[in-house]
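Worksheet: the structure to be examined is printed underneath.
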Amino acid sequence: MILSQKAPSRSGSLYEQTYLALRSAILSGDIAADERLIETQLADQLEVSRTPVREAIRRLQQESLIQMDSDGGLYIVKLSLTDAIKLYDCRIALERLAVLDACEHATSHHLQRIEQNLVLAEAAAEAAAESKQPSHGKPTVDSIRLLELSCEFHQLIAKSSGNAWVVSLLDQISQKITLIRVQTLKGLDQLLDIDIEHRQIYEAIARRDAAAAEQHMVNHLRASQTRIVEVFQQVERVAQASFDHRIKCPRCGAFEISRNGRRAGRQNYLCKSCGRQFLEYGSSAHG
């Protein structure tokens, strides 16, 4: 976990800044899905007391970004393929409403901001295609930027609809979809392909063509849903192929292992089946 660059600013509420720092770390992939969240370690890394960390964790639990397992350990929520499909179904219903209302209520200022977003996204996609940064198992800077701009594009449309409830509900769903994309990693590469789809939606809104805008939005989100399904299936195939190389508990042999901080400069692990703690050693782990 790397939180050194996400330390809260002292200019605002310490609790709010701590919450934003942890939320950013979760949605950017800085905290791994199998890494146990330990209040004392988070407080040390963020240079705050445990109180704002505890309050931030409670809020993130309410937002379904952090969950507690049966042993009381805190982890980032790991969403399934079924979750992804259902979230997209909800998103499609809400964004159909948002884009229809946007065609009626979007001002010239709203349209200008959406177009600016498109220009930035197209430039970022071009830069990402040219740089082709090695990911080393993590999202690249370009990929994260593309994801941020993609989320912003849909937020701007929702805000231009004039329906504050749609904005709030879509924000909750977008957080979960961002988490899915970061956890599957390869799904971020697909963002290079959505510029044309976004521009079609924008141009229909600008023409006040509600039928076309709705159709382009539904087509875009259905295509995104299909891409996510394909990514999940690919990740599952890779996970199955590497199953025999996973770290297992030296006591009971279970593979249900989570990270549990560090000791003596090495990664400490916790077996969710029997509760045994053991240390990483070289390419394997030993008690």
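The values are calculated or read from the model by the stated rules, or taken from the named source; none is laboratory data. Not measured: the values here are computed from a predicted model. So basically every Cβ, Gly included, is an ideal-geometry build from the backbone, and we count neighbours across all protein chains shown. What goes into the accessible areas is simple: the full protein's heavy atoms, side chains included, and nothing from ligands, DNA or RNA. Shrake-Rupley method; radii C 1.70, N 1.55, O 1.52, S 1.80 Å.
Here's a check for you: in the stretch 12-64, which residue that is among the small types (Gly, Ala, Ser) and assigned to a helix (DSSP H, G or I) is surrounded by the most Cβ atoms within 10 Å (Cβ to Cβ)?
Ala56
When the stretch 27-48 is examined, which residues are found to be at pLDDT 90 or above and among the aliphatic types (A, V, I, L, M)?
Leu37, Ile38, Leu42, Ala43, Leu46, Val48 - these are the residues of the stretch 27-48 that are at pLDDT 90 or above and among the aliphatic types (A, V, I, L, M).
Starting from the stretch 224-236, take each residue that is touching a residue at least 24 places away in the same chain (Cβ under 8 Å) and list its partners that are open to solvent by 70 Å² or more (accessible area, probe 1.4 Å) and of a type in the set (D, E, K, R), counting only C-beta distances under 6 angstrom and pairs at least six apart or across chains.
Filtered contacts from the stretch 224-236: Val231/Lys186.
Search the stretch 162-184 for residues that are under 15 Å from Val229 (Cα atoms) and pair each with any residue that is modelled with pLDDT under 90 and in a helix (DSSP H, G or I) when their beta-carbon atoms are under 6 Å apart and the residues are at least 6 apart or on different chains.
Thr178/Leu27; Arg181/Gly187; Arg181/Leu188; Thr184/Val231; Thr184/Val235
Of (1) modelled with pLDDT under 85; (2) farther than 20 Å from Gln183 by Cα; (3) surrounded by 20 or more Cβ atoms within 10 Å (Cβ to Cβ), Ala7 satisfies all except one. Which?
(3)
For residues in the stretch 223-237 being of a type in the set (S, T, N, Q) and under 17 Å from the mean Cα position of the chain (by Cα), which is farthest from Asp89 (Cα to Cα)? Full working, then the answer.
Our first condition is that a residue be of a type in the set (S, T, N, Q); within the stretch 223-237, this holds for 224-226, 233-234.
Among the residues that remain, those that are also under 17 Å from the mean Cα position of the chain (by Cα) are: 224-225.
Values: Ser224: 11, Gln225: 9 Å.
If we take residues in the stretch 223-237 being of a type in the set (S, T, N, Q) and under 17 Å from the mean Cα position of the chain (by Cα), then Ser224 is farthest from Asp89 (Cα to Cα).
Considering the stretch 99-114 alone, what residues qualify as being assigned to a helix (DSSP H, G or I) and more than 14 Å from Cys151 (Cα to Cα)?
Taking the stretch 99-114 first, the residues assigned to a helix (DSSP H, G or I) are 99-105, 108-114.
Scanning the stretch 99-114 gives Val99, Leu100, Asp101, Ala102, Cys103, Glu104, His105, Ser108, His109, His110, Leu111, Gln112.
Quick check on the stretch 125-134. Is at least one of its residues open to solvent by less than 20 Å² (accessible area, probe 1.4 Å), of a type outside the set (Val, Ile, Thr), modelled with pLDDT of 85 or more and part of a helix (DSSP H, G or I)?
Among the residues of the stretch 125-134, not one is open to solvent by less than 20 Å² (accessible area, probe 1.4 Å), of a type outside the set (Val, Ile, Thr), modelled with pLDDT of 85 or more and part of a helix (DSSP H, G or I), which makes the answer no.
Can you find even one residue in the stretch 177-190 that is modelled with pLDDT under 95, over 20 Å from Val218 (Cβ atoms) and not in a helix (DSSP H, G or I)?
Taking every residue of the stretch 177-190 in turn, at least one turns out to be modelled with pLDDT under 95, over 20 Å from Val218 (Cβ atoms) and not in a helix (DSSP H, G or I).
Here are some conditions: (1) surrounded by 12 or more Cβ atoms within 10 Å (Cβ to Cβ); (2) modelled with pLDDT of 80 or more; (3) under 27 Å from the mean Cα position of the chain (by Cα). Ile196 meets all but one. Which one does it not meet?
Against the list (1) surrounded by 12 or more Cβ atoms within 10 Å (Cβ to Cβ); (2) modelled with pLDDT of 80 or more; (3) under 27 Å from the mean Cα position of the chain (by Cα), Ile196 comes up short only on (1).
Can you tell me which residues in the stretch 199-225 are part of a helix (DSSP H, G or I), open to solvent by 40 Å² or more (accessible area, probe 1.4 Å) and within 17 Å of Ser108 (Cβ to Cβ)?
Scanning the stretch 199-225 gives Glu203, Ala206.
Any idea which residue in the stretch 65-82 is farthest from Ser258 (Cα to Cα), counting only those that are hydrophobic (A, V, I, L, M, F, W, C) and part of a strand (DSSP E or B)?
Ile66
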